[in-house]
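None of the figures in this text is laboratory data; all of them are computed from the coordinates on show. Bear in mind that the values here come from a model prediction, so they are computed numbers and not experimental data. Note that each Cβ is placed from the backbone with ideal geometry, even for glycine, and that neighbours are counted across all protein chains shown.
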Amino acid sequence: MLYYRGWIALRYSFVADAYQKIENTTKRIEMTNYLVDLLKETPRDVIDLVVYLTQGKLYPDFLGIEIGVAEKLTIRAIAKATDHAAEEIQKDLDRTGDLGETAQKFLEEKHKPSAQLTVKSVYDALDKMAKMAGEGTMDQKTSLLSSLLTSAAPKEARYIVRTVTGKLRLGIADMTVLDALSIAYGGGKKTRKYLERAYNLSSDLGRVAKTVVEEGIDGIKEFEISLGEPIRPMLAERLRSSKDILAKLGGKCIAEYKYDGERIQVHKDADQINLFSRRIENITDQYPDAAELIRDNVIPKEAIIEAECVAVNLDTGDVMPFQELMHRRRKHGIKKAISEYPVSLFVFDVLYADGRDLTVEPYTIRHNVLEGLIRKSDRIQMAKCLMTDNPDEMEKFFEEAIENGCEGLICKSVSSSSTYQAGSRGWLWIKYKRDYKSEMTDTVDLVVVGAFHGRGKRAGAYGALLLAVYNPSDDTFETVTKCGSGFKDEDLKKIHEMMESYRILHRHPRVNSNLVADLWFEPKIVLEVIGAEITLSPIHVCAMDMIRKGSGLAIRFPRFTGNYRLDKSAEDATTVKEIIEMYNSQLKKIKAS
């Protein structure tokens, strides 16, 4: 600690020491304990900054502010700070594969740092870099980063460089931070549920940390929704028959069309409209026509609603496939894209309206409130739905949804406990998608966690990818298949470029795998895959020992569909429970035949 006029400044070296301990363990409990120690010693005025830096960022994701320092620029800054040629830095980077390690090495050969860095001074310098714009920005960033490294100790430089290049890679997930905060400031893990709810309502771990440190658990319990801060979306489980769905939902439900579009969360504050993707990215600039539809047709002054944004043929009213909509996910040429791929909105939930928190209300109340909030037109309307207690009626409605270009249905509980469970996947919402025979006809969304070197025509590229499903019970990723089919030449090149920034030197702490991949990645990128069937496997760890002792579940003959699920985070991928349900459903169909 450093003391300035009665207040305490946290040295960045203290943070770097904690990061080194965290980095050197693959044990989650040890990792959490090191983080608890760090948070306990962090002064309240910088607790949010430490949490953001530990996430490898400066602000919550929805603000879209990134440091944006490229590797070449960082090499120039290290060279300038250490009086070495950029070529020397690059040569050592080729050896280590880690620019942070390279920076540490060259600074160890240099004189002592020129100053003692604090968390605040490091954060302010990075923040200044992130907000630089205009002519000469690159030179200014190089100069500022070089100055920061000149002041840094070698170990500090290691983590500063990793932070600015977006490769901090501590293996700490959001849930780990919440665990640590509950232990450090909440009285133990029993209070984690309150912190998690606050995070799910704000998508801002820094704000959650600041609140619990300054106001305690009582302040967290009173945590409120704030316009402009996206609520983490509620997610659905999956079943394969209308009878099973109705049985699970108490005999009655509201079934809604599952449109083949992009789920968006709309925040309206008078004329100010913000649109957030399911990954909590602000995508307002990509859908200005959707924002205009909201501005003109959502009645309350303040509202948070959810809708499916779909591409439509305005001449016929037909819903277009999801891949057509993805042409809108661009930074340039928006006006042309609007004319070529116009969108409509199908609204399906309301979470907040004019000061009223509706997440605590049952779905039937939310649905009724939503009915009165929208001026309906051809371009914006309620998602088509059916209240039913009849499996045959649901089947007919399902076929109608498929006929109208939808993926299937989302069936929602109408019980008194059907509140909006932000950030959670549960049985209050159940997906009902196409399924015909015993074959695996439904796609799954899998996370890339590793790769194997290609041979022959694929020499120099990935021969196959190691793919995993998400296990929310312990916040890990479990391998389920090894996929090398369905990739075009351009896919192989694109995926290689996409994955390179997530490459790490060892298996990620959140990845469970019996296979040893040639290359390992952070669990970030999600791909859509279809397979022939789901089988028992002694190799893959998905659902290990849950069906049969010593066996997991694996997808046999997987094939990449060509669909990059850039709208999904790794935690939104297909879950272990969903794979088990698909396997059990497959068994039932085989037995029935």
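To the nearest whole percent, what portion of all C-alpha pairs in the chain is separated by more than 44 angstrom?
That tail contains 21 percent of the Cα-Cα pairs.
Take the Cα pairs of the range 174-221, get the Kirkwood Rh, then feed it into Stokes-Einstein at 20 °C and 1.002 mPa s and tell me D in µm²/s.
Stokes-Einstein gives a translational diffusion coefficient of 216 µm²/s.
Classify the range 444-592: rounded, prolate or oblate, from the alpha-carbon gyration tensor (a ≥ b ≥ c, eigenvalue square roots; a/c under 1.5 rounded; otherwise prolate if a/b is larger than b/c)?
Taking the square roots of the gyration eigenvalues as a ≥ b ≥ c, the range 444-592 is prolate.
Based on the mean of other Cβ atoms within 10 Å per residue, sort peptides 21-27, 143-149, 176-182 so the most packed one is first.
Ranking the peptides 21-27, 143-149, 176-182 by packing returns 176-182, 143-149, 21-27.
Please name whichever of 388, 249, 424 sits farthest to the positive end of the charge dipole of the range 235-433, dipole taken about the Cα centre and charges placed at Cβ: Lys and Arg +1, Asp and Glu -1.
Farthest along the dipole direction, towards plus: 424.
When averaged across all projection directions, what area in nm² does the alpha-carbon convex hull of the range 284-366 cover?
For the range 284-366, the mean projected area of the Cα convex hull comes to 6.5 nm².
With θ taken as phi - 60° and the coefficients 6.51, -1.76 and 1.60, list the Karplus ³J(HN,Hα) couplings across the range 519-525 in order, rounded to whole Hz; mark glycine and proline as x.
9, 10, 10, 5, x, 10, 8
If you average 1/r across every pair of different Cα atoms in the range 4-164 and take the reciprocal, what Kirkwood value do you get, in Å?
16.3
May I ask for the Kirkwood hydrodynamic radius of the range 333-400, worked out over all distinct Cα pairs and given in angstroms to one decimal?
It works out to 14.7 Å.
What base-10 log of the normalised intensity I(q)/I(0) is obtained for the range 124-222 from the Debye formula, alpha carbons as equal point scatterers, at q = 0.14 Å⁻¹?
-0.71
Note down the Stokes-Einstein diffusion coefficient of the range 235-433 in µm²/s, whole number, using a Kirkwood radius over alpha carbon pairs, 10 °C, and 1.306 mPa s.
It diffuses with D of about 92 µm²/s by this estimate.
Using the Cα centre of the range 235-433 as the reference point, and only Cβ charges (+1 on K/R, -1 on D/E), how large is the resulting charge dipole? Debye, rounded to the nearest 20.
540
Taking Cα centroids, how far is the range 9-83 from the range 309-348 in Å?
39
For helix 71-82, what angle does its Cα long axis make with the longest principal axis of the chain, in degrees from 0 to 90 and rounded to 10?
Approximately 20 degrees, to the nearest 10.
For the range 4-164, calculate the relative contact order in percent as a whole number, restricting contacts to Cα pairs under 8 Å that are 6 or more residues apart.
So the answer I get is 33 percent.
Can you find, among 505, 483, 471, the residue farthest towards the positive end of the dipole of the range 444-592? Put +1 on the C-beta of Lys and Arg, -1 on that of Asp and Glu.
So the residue we want is 483.
Quick check on my link table: of 189/221; 193/524; 57/268; 258/396; 396/433, which ones sit more than 18 Å apart, alpha carbon to alpha carbon?
With Cα atoms farther than 18 Å apart: 193/524; 57/268.
Any idea which of 374, 449, 163 is furthest toward the positive side of the dipole for the chain, if Lys and Arg beta-carbons carry +1 and Asp and Glu beta-carbons -1?
The Cα lying farthest towards the positive end belongs to 449.
If you put +1 on each Lys and Arg Cβ and -1 on each Asp and Glu Cβ, how big is the dipole of the chain around its Cα centre, in Debye rounded to 20?
The dipole magnitude comes to about 1420 debye.
Report the far tail of the P(r) of the range 184-301, meaning the percent of Cα-Cα pairs longer than 19 Å.
For the range 184-301, the fraction of Cα-Cα distances above 19 Å is 62 percent.
Please figure out what share of the DSSP beta bridges in the chain is antiparallel and state it in percent, rounded to the nearest 5.
90
Could you estimate the translational diffusion coefficient of the range 40-121 from the Stokes-Einstein equation, with Rh from the Kirkwood formula over C-alpha pairs, at 4 °C and 1.567 mPa s, in whole µm²/s?
The Stokes-Einstein estimate is 87 µm²/s.
Take every Cα-Cα distance within the range 222-280, group them into 10 Å bins from 0 onward, and report for each bin the whole-number percent of pairs it holds.
17, 34, 29, 18, 2
Please report, in debye to the nearest 20, how large the charge dipole of the range 179-224 is about its Cα centre when each Lys and Arg carries +1 at its beta carbon and each Asp and Glu carries -1 there.
240
Roughly speaking, what is the centre-to-centre gap between the range 509-552 and the range 203-223 when only Cα atoms are used, to the nearest Å?
Cα centroid to Cα centroid, the span is 36 Å.
When you count, for each residue, the other Cβ atoms within 10 Å and take the mean per peptide, how do 231-244, 88-101 rank with the highest first?
Most protected by this proxy first, the peptides run 231-244, 88-101.
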